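Read-outs: derived from the displayed coordinates by stated rules, not from any lab. None of the values given here were measured: they were computed from a predicted structure. Heads up, the Cβs are rebuilt from the backbone with ideal geometry, glycines too, and the neighbour counts pull from every protein chain shown.
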Amino acid sequence: MCGIVGVVSHQPVNQLLYDALLLLQHRGQDAAGIATNYSSMFTMHKANGLVRDVFRTRNMRSLLGNTGIGHCRYPTAGSSSEEEAQPFYVNAPFGITLAHNGNLTNWEQLKSEMFKNDRRHINTDSDSEVLLNVLAHEIQKATTGYSIDPDTIFQAVKAVIGRVQGGYAAVAQIAGVGMLGFRDPHGIRPLCIGVNETEQGNEYLIASESVALEGIGFRFLRDVAPSEAVFIDNDHQLHSRMCSDTASLNPCVFEYVYLARPDSVIDGASVYSTRLKMGEYLAEKIKREGLADDIDVVMPIPDSSRPAAIQLALRLGKEYREGFIKNRYIGRTFIMPGQSLRKKSVRQKLNAIGDEFKGKNVLLVDDSIVRGTTSREIVQMARDSGAKKVIFASAAPPVLYPNVYGIDMPTRDELIAHGRTVEEVCREITADALVYQDLDDLKRAISDVNPALTSFEASCFDGVYVTGGVTPAYLDRIEQARHNPKVPGVEGAAINQLNLHPATPEV
């Protein structure tokens, strides 16, 4: 998962891009980068680290121009090498920079095609560099002579969508031409556009989440539709076109559960409101399972579970208390690359308020349970603080399958619920009882907020991969690549036991 932003302004954009990336920092803490366009030339700075650490005054001064793109990264493909920080740049045709959020499931095939057929060299193992080169190649094919217009760009994007599989959203700038944004035909990864009306004319901002627009003074215009490309030319004119005849909207449910900021609106659904609804449905399930009478107090695992926990407590008529205090200067444990780092970080990140636990039956509410390391540590913290009984509730269903569209949960052995019953997971995290949200209720929580949303990408819960082409052999390769990162393309043990249900490809 990553955060992307592109700005077309009448003023220098370096500060706008920096501020927008700060608002998207929750989407990736591994690396950050900005590329700006000035007088048909690019200036760029990128490095590993948080946004605030990557950019110093001298870096900001070098980022010249009134248009630019930015990226904050957490790697789910490739490596954590600084060479794979984004944006990426290619010098032909015209010169293009690109920032990408998501994951291409056929990037290895495309990389091979780039070398054998398109005569383009890919220098890293990043699928984002592959996407950039596919886009550059298709623009070159579509261009006649030395000029380029919106029709040519949309023709190229249509060809890109025809070749690329996976979940993706991207922003790109073409030197001296304009800014481009586009989204995959299944609408898995989010992308939206905002406008700022000035005396000199409109300015535009494209970003992963609406919070990045509103936080720097842009007015939310709309979401970019699945398979839609938006292009802002040098005259600040906005052009758009659908680039696939088979597009459908299937937003990633995990955006609403965990990834997105609660103050964002994604595809017409307030993230905060969907999390409140998750709490309501979870409360009803707790009642059905006969656990409500055994609860003295409801506590969230800060921060993303707080809305669900508040609404759950209201529905159950139970006291809501903050039992854990979060150290906001520690990174998110879910996206820390390494199990030992995650485990060590929990106690540094959260501290229990002992008086809130002593002698009480406590219901702990978390947004999800992925690996279980954090959950186990938190249950133990509650017991150490004097809790009489610890019931654990997840606002999301059991995470059973790898995610291949840009979320870091790619292998079975890292998923605590895979191959285990709810009772077995409960014992693993040492809770007295465990309640998971039902998948239908999770989807209903989002649809209740925006009834137009009827289909979702929920493969980590149900094993249905909406893009198709995600086979057991494919999952085998990514699992072995994760376990053997220095061995490219290694084949490993069979993964055929996975109960996968690939959907029919729509592209």
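What does the extension gain come out to for Arg222 and Asn123, with contour length at 0.36 nm per residue minus their alpha carbon separation?
32.1 nm
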Share of antiparallel DSSP beta bridges in segment 271-449, in percent to the nearest 5?
-> 15 percent
Given 13 as the ceiling on other Cβ atoms within 10 Å, longest exposed-site-free region of the chain for GluC sites (Glu not before Pro) in DSSP loops = 1-198
Low-density loop positions, trypsin sites (Lys or Arg not before Pro), segment 119-226 - DSSP coil, at most 14 other Cβ in 10 Å | Arg119
Kindly state, to the nearest 0.05, the FRET efficiency for Thr411 paired with Lys141, given R0 = 35 Å and r defined as their beta-carbon distance.
-> 0.40
Label points 7 Å out from Cα along the Cβ direction at Ile325 and Gln15: separation in nm?
-> 3.5 nm
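Taking 0.36 nm per residue of separation and subtracting the Cα-Cα distance, what length does fully extending His483 through Arg444 add?
10.4 nm
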Relative contact order as a percentage, the chain, C-alpha pairs under 8 Å and 6+ apart, gives 12 percent
Long-range amide H contacts for Arg222: which residues qualify at under 5 Å (H placed 1.01 Å from N, peptide plane, sequence gap of 5 or more or a different chain)?
-> Ile193
Working from Cα positions, state the angle (0 to 90°, nearest 10) between the long axis of helix 472-483 and the longest principal axis of the chain.
-> 80 degrees
Per DSSP H run of at least 4 residues, take -39500 (n - 2.57); add these up for the chain, divide by its residues and hand me the 222 nm value, nearest 500 deg cm²/dmol.
-> -9000 deg cm²/dmol
Quick one: of the DSSP bridges fully inside the chain, what percent are antiparallel, nearest 5?
-> 80 percent
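Between Glu83 and Thr471, what FRET efficiency follows from the Cβ-Cβ distance if R0 is 41 Å, with the result rounded to 0.05?
So the FRET efficiency works out to roughly 0.85.
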Evaluate the relative contact order of segment 271-449 (contact order divided by residue number), counting alpha-carbon pairs under 8 angstrom at least 6 apart; express in whole percent.
-> 24 percent
Using alpha carbon centroids, what distance separates segment 78-144 and segment 364-434, in Å?
-> 37 Å
Glu424 to Ser62: extension gain in nm, 0.36 nm per residue of separation minus the Cα-Cα distance?
-> 124.8 nm
